[in-house]
1. Provide the packing ranking of 188-198, 171-181, 60-70, i.e. peptides ordered by the mean count of other C-beta atoms within 10 Å per residue, highest first.
2. How high is the FRET efficiency from D196 to S98, r the C-beta distance, R0 41 Å, rounded to 0.05?
3. Go through the range 115-125 residue by residue and turn each phi into a ³J(HN,Hα) via Karplus (6.51, -1.76, 1.60, θ = phi - 60°); whole Hz please, and just put x for glycine and proline.
4. If I model a spin label as a point 7 Å beyond the Cα along the Cα-Cβ vector, how far apart are those points for L151 and F73 in nm?
5. For the range 34-182, report the convex hull volume of the alpha-carbon atoms normalised per residue, in Å³, without decimals.
6. What's the center-to-center distance, using Cα atoms, between the range 122-144 and the range 92-117 in Å?
7. Take the residue pairs K120/K197; K120/K147; K147/K186 and return only those whose Cα atoms are more than 22 Å apart.
Amino acid sequence: MADESPVPGPVAEQAGDLVTPPVPAPVASTEPDAVKDERGRTLYLAKWTTRFWAWIIDFCMVILFLNIVRGIFASTGWEIPLYIDFRYWEPFEFGFQSLIFFAYWTIMEGFQGRGQSIGKMVMNLKVVNRDGTKIRYTSAALESFGKAFVLLLPLDCLIGWLAMPGTKLRMFNRLSNTIVIKTDYKEPAGIQYVKDKE
């Protein structure tokens with residue numbers, strides 16, 4: 001009489017217990033620089049070059065505003081030197097102008113947890129908490145501190161690049177527990193835009 005061997009299958013009975021086959025490990029995302037948020041969505045971290053161009057756009061916007069303020073104060077006799085004219089920097093004027101940059105980023109990125117300045121809107125970027133949720137004013141203020149003060153920005157970036165390579169974090173991103181992600185400007189749900197030919 002031939003030996004009877006158990007029939008192979010996904011479930012085999014052994015000593016009255018059911019043994020289930022091992023579950024395969026989840027497949028890692030093939031997209032570079034991707035992280036999962038708390039709901040399991042994939043968040044794509046923004047490139048340094050894209051973040052740089054967003055910063056340049058914001059810098060130009062604030063400089064434009066400061067030039068308007070300079071014109072107003074010039075009539076009162078208080079002349080504010082140009083922010084980018086290093087020869088005439090004085091601690092008070094430089095600090096005043098840096099506070100304008102700080103207030104701009106804190107308000108724009110912290111308002112209703114939007115996480116976007118004008119530059120980030122143009123470049124389709126957004127600042128969020130590490131779990132993908134909206135940031136608050138406190139996180140926006142801490143995250144903005146490093147990039148608002150020009151003398152601190154190189155140190156902020158260098159510490160991020162050297163101490164946390166591959167994370168795409170500045171030092172103040174790490175301290176504020178925030179990340180900068182890519183976002184899409186899409187039509188609202190249920191609406192489709194039809195573009196006319198030019």
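Coordinate-derived values only; no laboratory data. If you're wondering where the values come from, they're calculated on a predicted model, not measured in any experiment. When we count neighbours, we look across all protein chains shown, and the Cβ atoms used for this are built from the backbone with ideal geometry, even at glycine.
1. Details: 188-198: 5.1, 171-181: 20.9, 60-70: 14.0.
Final packing ranking: 171-181, 60-70, 188-198.
2. Numbers: r = 46 Å, r/R0 = 1.12.
Approximately 0.35, to the nearest 0.05.
3. Running phi through 6.51 cos²θ - 1.76 cosθ + 1.60 with θ = phi - 60° gives x, 9, 8, 4, x, 5, 4, 4, 8, 6, 10 Hz.
4. Those two pseudo-labels are separated by 1.7 nm.
5. Numbers: hull volume 16.4 nm³, N = 149.
Output value, Cα hull per residue: 110 Å³.
6. For the range 122-144 versus the range 92-117, the Cα centre distance is 13 Å.
7. On the way: K120/K197 29 Å; K120/K147 14 Å; K147/K186 29 Å.
Cα-Cα > 22 Å for K120/K197; K147/K186; rest within.
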